1. From the residues in the range 139-169 that are of a type in the set (S, T, N, Q) and buried (at least 18 other Cβ atoms within 10 Å of the Cβ), which one is nearest to Asp14 (Cα to Cα)?
2. Please state which one of Val75, Val86 is in contact (Cβ under 8 Å) with a residue 40 or more places away in the chain, within 18 Å of Ala175 (Cα to Cα), in contact with a Leu (Cβ under 7 Å, 6 or more places away or on another chain) and surrounded by 12 or more Cβ atoms within 10 Å (Cβ to Cβ).
3. Select from the range 10-56 the residues that are in a loop (DSSP other than H, G, I, E, B), closer than 24 Å to Leu171 by Cα and not small (Gly, Ala, Ser) and list them in ascending order.
4. What are the residue pairs meeting all of these: first residue in the range 1-13, first residue under 17 Å from Asp27 (Cβ atoms) and touching a residue at least 40 places away in the same chain (Cβ under 8 Å), second residue aliphatic (A, V, I, L, M) and assigned to a helix (DSSP H, G or I), Cβ atoms under 8 Å, and 6 or more apart or on different chains?
5. When the range 123-133 is examined, which residues are found to be over 10 Å from the mean Cα position of the chain (by Cα) and either farther than 14 Å from Val173 by Cα or crowded, with 24+ Cβ neighbours inside 10 Å (or both)?
Amino acid sequence: MSAAADALSRTVLDVPDYPQPGIVFKDITPLLADPVAFAAVVEALAAAGRDADGTVVVDKVVGMEARGFIFAAPVALALGVGFVPVRKVGKLPRETHAVSYALEYGEATLELHRDGVRPGERVLLVDDVLATGGTIAATRELVAACGGESVGVAVLMELSFLPGREAVGDLPVTALSVV
């Protein structure tokens, strides 16, 4: 088992019936409190931004609010590239691109600063969980609206019983754990 997979299995806790009955919430706070486990996970996620020789192949790392920020920022530092936040509507102070998308029970809108990604930049999308894929698909649209190219997705966990990969399309997905 890889160091990252071991870290996840030791530190991510299942919380049944949170935030509502029938949902099993994946609590990552013990992972974040363990510096060795956190470092192993960040390094494994950063590998998605490198080629087989270890050369960095992305210009930016984009992280989605809110738990995606926790992982995307240190992944960007590990790769030596910039971090760009994708926020919920109304949270960014300058001109933005916005994309609305469907959730299980409602709709959400995400925004990205218009100058957050420059035309031609290659971008790694980082989040905590790939579930239905709506957040990743919306973020990919935002990157494209800036003229950038999403080249991969890196997540801690993929929920295999949901159609996330279908929504992501042809983007390569690195999931440290598939449940």
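Read the figures in this text as sums done on the coordinates, not as results from a lab. On a predicted model such as this, the values are computed, not experimentally measured, just so you know. Cβ coordinates were reconstructed from backbone atoms using ideal geometry, including for glycine residues, and neighbour counts include every protein chain displayed.
1. Thr139
2. Values: Val86 fails: within 18 Å of Ala175 (Cα to Cα).
Going through Val75, Val86 in turn, the sole match is Val75.
3. Within the range 10-56, Asp51, Asp53, Thr55 meet the criteria.
4. Every condition considered, the pairs that remain are Leu8/Leu31; Leu8/Ala37; Leu8/Val41; Val12/Leu31.
5. Val123
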